[in-house]
1. Does the range 54-69 contain at least one residue that is surrounded by 10 or more Cβ atoms within 10 Å (Cβ to Cβ) and under 22 Å from the mean Cα position of the chain (by Cα)?
2. Spot the failing condition for residue 14; the list is (1) at pLDDT 95 or above; (2) on the phi > 0 side of the Ramachandran plot, and only one is missed.
3. Is it fair to say residue 28 is part of a helix (DSSP H, G or I), without any contact (Cβ under 8 Å) to a residue 60 or more places away in the chain and under 31 Å from the mean Cα position of the chain (by Cα)?
4. Please verify whether the range 35-46 includes one or more residues that are surrounded by 10 or more Cβ atoms within 10 Å (Cβ to Cβ), in a loop (DSSP other than H, G, I, E, B) and without any contact (Cβ under 8 Å) to a residue 12 or more places away in the chain.
């Protein structure tokens, strides 16, 4: 096994891969097809959803008060 030839082949493959990576990065930069970043944190609620949650929590706390007084 010729180690010099194996090393040379690996360097050639590395250069080819580096070229492919560079061309893909260039493609992404020029076409702007980078995946959008996800927004972190809580999602916002609309007015109807907020009313539903409010009603649900009112009944929850009312039931908790009746259990505590029993």
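1. Looking through the range 54-69, none of the residues is surrounded by 10 or more Cβ atoms within 10 Å (Cβ to Cβ) and under 22 Å from the mean Cα position of the chain (by Cα).
2. If we test residue 14 against (1) at pLDDT 95 or above; (2) on the phi > 0 side of the Ramachandran plot, just (2) comes out false.
3. Working: part of a helix (DSSP H, G or I): yes; without any contact (Cβ under 8 Å) to a residue 60 or more places away in the chain: yes; under 31 Å from the mean Cα position of the chain (by Cα): yes.
The answer is yes for residue 28.
4. First pass over the range 35-46, keeping only residues surrounded by 10 or more Cβ atoms within 10 Å (Cβ to Cβ): 45.
Adding the requirement that they be in a loop (DSSP other than H, G, I, E, B) leaves 45.
Add one more test, that the residue is without any contact (Cβ under 8 Å) to a residue 12 or more places away in the chain, and what stays is 45.
Scanning the range 35-46, I find at least one residue that is surrounded by 10 or more Cβ atoms within 10 Å (Cβ to Cβ), in a loop (DSSP other than H, G, I, E, B) and without any contact (Cβ under 8 Å) to a residue 12 or more places away in the chain, so the answer is yes.
The values are calculated or read from the model by the stated rules, or taken from the named source; none is laboratory data. What you see is a predicted model; the values in this text were computed from it and never measured. For neighbour counting, all protein chains shown are included, and Cβ atoms are generated from backbone atoms with ideal geometry for every residue, glycine included.
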